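Peer 1: Right, I'll just put the structure down here and ask away after.
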Number of protein chains: 2
Amino acid sequence: MKVNTNQTDVRTAILDAAERSLAKKGYKKMTIDDLASEVGIGKGSVYLHFESKEDIALSHIDRIVERLHKKLLKIARSNAASDLKLHQMLVSRVLHRLDSISGYSKSLSEVLSAIRPALFQRRIGYFTDEAEIFGAVIDRGKADGVFLTKMSTPDIASSLIIATNSLLPMNLSPLELGSRKDVERRVSKIADLLIAGVCSE
Amino acid sequence: MKVNTNQTDVRTAILDAAERSLAKKGYKKMTIDDLASEVGIGKGSVYLHFESKEDIALSHIDRIVERLHKKLLKIARSNAASDLKLHQMLVSRVLHRLDSISGYSKSLSEVLSAIRPALFQRRIGYFTDEAEIFGAVIDRGKADGVFLTKMSTPDIASSLIIATNSLLPMNLSPLELGSRKDVERRVSKIADLLIAGVCSE
């Protein structure tokens, strides 16, 4: 096993190992010892980067969301029409998360039942950041005369987010998690209605 | 303790006792013995009506949903305009459930973690029934020329349902469960956008 010396690399390597371990074993059976030996570092070194096993699992989810936010920003900054951007962003926020956990759709409910309360806390920050990215696109669409609704930008942004939240992995059954095409179709239809609503007076 | 002889009354009394017990003790500490003694019947009599403790908890939720469906049908059959009906129905499907578990918003996460897999199964039926009630109102609104969208009625109905599902108790954090006003505001805004979308071409 190659020993990483760069600290960012070590952190990344631990999260990569956690991702594999969560998929293979689930949360309860994942141990700090396993992660340390897989990365080729001592157990103590893991604790330099993370407070606990829960912290590792949550940081793993943080990383999924950080990557999503980069993707959303890229769409927001593209040259597409505002309504199209919103549509792409809504589909992305659902499918990116679904794809990120596709390796462990079976163990997900076990992982979630262990970290759900902490994740509820974390979500507030995730959604606030997402609402900001959506808000910029909504403001632009209003300025361009594409979005005619009189609803405030923060209300629109949070409505779009909440209206697609039931399709995020933590709210789906194992069966639903397995049917990407179906989830894509559902979020796309909801996005169609919401955006038509945003465009209308 | 009064002994009920009518079988429907006994079933109702067991569910009432379960509701109180889930609120007070949570799922793990609720026992069939407690329920039997509270209703004033033998333990064996409880098993004439329910297969297991899980069956009782799920039947308790079934009852909440049955009452909701009656409420939705009443709105659907009222003389209000179709768009107003949809709005009222969307707000009702969220707030009825929230109000029904307001007595045990603190123990809810414990109850849910015990019955979540079975509840995921059950939800499919709940939502199918709801989609049917929504579908009738949507068809009517289309026939009346109020709903101009080209989206199919089943797609609209399921979109409305999925878009408000993240506000149902099983997907809310304990903090969110406690803020009825906030939940009402959120579902109302989402309904505004969705229905504007349904009304537009």
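Peer 1: Between B:Thr12 and B:Arg140, 0.36 nm times their residue separation minus their Cα-Cα distance comes to what? Intermediate values should be presented prior to the final figure.
Peer 2: Working: separation 128, 0.36 × 128 = 46.08 nm, distance 3.59 nm.
Full extension from B:Thr12 to B:Arg140 adds 42.5 nm.
Peer 1: From the label point of A:Asp144, set 7 Å along Cα to the beta carbon, how far off in nm is each other copy's matching point, shortest first?
Peer 2: Here the equivalent label points are 3.5 nm apart from this one.
Peer 1: Right, another one. Mind checking the mean number of beta-carbon atoms from other chains within 10 Å of the Cβ atoms in A:164-174?
Peer 2: On the way: counts 3, 6, 10, 4, 2, 0, 2, 7, 1, 7, 2.
Counting Cβ atoms of other protein chains within 10 Å of each residue's Cβ and averaging gives 4.
Peer 1: For label points placed 7 Å from Cα toward Cβ, what is the shortest-first list of nm distances from B:Asn6 to its copies?
Peer 2: So the label point of B:Asn6 gives 7.6 nm to the other copies.
Peer 1: Report, ordered by chain and residue number, the lysines lying within cross-link reach of A:Lys74, taken as a straight Cα distance under 16 Å and ignoring same-chain residues fewer than 8 apart.
Peer 2: A:Lys85
Peer 1: Could you check how many percent of all C-alpha pairs in the protein assembly as shown are farther apart than 31 Å?
Peer 2: Numbers: 36886 of 80601 pairs.
That tail contains 46 percent of the Cα-Cα pairs.
Peer 1: Other chains' Cβ within 10 Å of B:185-196 residues: what's the mean?
Peer 2: Details: counts 2, 5, 3, 2, 9, 10, 3, 7, 14, 7, 2, 11.
Going residue by residue through B:185-196 and averaging, the value is 6.
Peer 1: Rank by packing, highest mean first: peptides B:36-45, B:54-63, with packing defined as the count of other Cβ atoms within 10 Å averaged across residues. Walk me through the numbers on the way to the answer.
Peer 2: Values: B:36-45: 15.5, B:54-63: 19.0.
Highest-to-lowest ranking by the protection proxy: B:54-63, B:36-45.
Peer 1: Can you compute 3J(HN,Hα) from phi for each residue in region B:83-96, using the Karplus curve 6.51 cos²θ - 1.76 cosθ + 1.60 with θ = phi - 60°, rounded to whole Hz and x for Gly and Pro?
Peer 2: 5, 5, 4, 4, 4, 4, 5, 5, 5, 5, 5, 8, 6, 4
Peer 1: How big is the equivalent ellipsoid of chain A along its three axes, where each semi-axis is √(5λ) from the Cα gyration tensor, reported in whole Å from largest to smallest?
Peer 2: Values: eigenvalues 260, 65, 36 Å².
Ellipsoid semi-axes (Å, largest first): 36, 18, 13.
Peer 1: Convert each backbone phi in region A:10-22 into a coupling constant with the Karplus relation 6.51 cos²θ - 1.76 cosθ + 1.60 (shift: θ = phi - 60°), then list the ³J(HN,Hα) values in order as whole Hz, x for Gly and Pro.
Peer 2: 4, 4, 4, 5, 5, 5, 4, 5, 5, 4, 5, 5, 4
Peer 1: By how many nm would the segment from B:Leu73 to B:Lys106 grow when fully extended, if each residue of separation counts as 0.36 nm and the alpha-carbon distance is taken off? Don't jump to the answer; show the numbers that get you there.
Peer 2: Details: separation 33, 0.36 × 33 = 11.88 nm, distance 3.05 nm.
Between B:Leu73 and B:Lys106, full extension yields 8.8 nm more.
Peer 1: Straight-line reach from B:Lys53: which lysines have Cα under 28 Å away, leaving out those fewer than 8 places along the same chain?
Peer 2: A:Lys28, A:Lys106, B:Lys2, B:Lys24, B:Lys25, B:Lys28, B:Lys29, B:Lys43, B:Lys70, B:Lys71, B:Lys106
Peer 1: Okay, next question. What is the set of long-range amide H partners of B:Phe147 at a cut-off below 5 Å, with H atoms built 1.01 Å from backbone N?
Peer 2: B:Lys142
Peer 1: Follow-up question, since we're still on this one. Could you derive backbone 3J(HN,Hα) for region B:112-119 from the dihedral phi with the Karplus parameters 6.51, -1.76 and 1.60 (θ = phi - 60°), listing whole Hz in sequence and x where the residue is Gly or Pro?
Peer 2: The phi angles translate into 5, 5, 7, 10, 3, x, 5, 5 Hz.
Peer 1: Considering only A:Ser152, A:Ser107, A:Ala13, whose Cα is most displaced toward the positive end of the charge dipole of chain A, charges sitting on Cβ of Lys, Arg (+1) and Asp, Glu (-1)?
Peer 2: Farthest along the dipole direction, towards plus: A:Ser107.
Peer 1: For region A:1-50, state the semi-axes of the equivalent ellipsoid (square roots of 5 times the eigenvalues of the alpha-carbon gyration tensor), sorted largest first and rounded to whole angstrom. Numbers along the way, then the final one.
Peer 2: Working: eigenvalues 62, 22, 17 Å².
Square roots of five times the eigenvalues give 18, 10, 9 Å.
Peer 1: Among B:Leu119, A:Leu15, which comes first, second and so on when ranked by fewest other beta-carbon atoms within 10 Å? Write out the running numbers ahead of the final one.
Peer 2: Details: B:Leu119 18, A:Leu15 21.
Least crowded to most crowded, the residues run B:Leu119, A:Leu15.
Peer 1: Using a 7 Å offset from Cα along the direction of the beta-carbon, what are the separations from B:Asp99 to the same position in each other copy, nm, ascending?
Peer 2: 4.3
Peer 1: Using Cα atoms only, what is the angle between the long axis of helix A:153-165 and the major principal axis of chain A, expressed in degrees (0 to 90) to the nearest 10?
Peer 2: Tilt relative to chain A: about 50 degrees.
Laboratory data are not the source of any read-out in this text; all were calculated from the coordinates shown. Bear in mind the structure is a predicted one, so any value in this text is a computation, not a measurement. All Cβ positions, glycine included, derive from the backbone under ideal geometry; neighbour counts span all protein chains shown.
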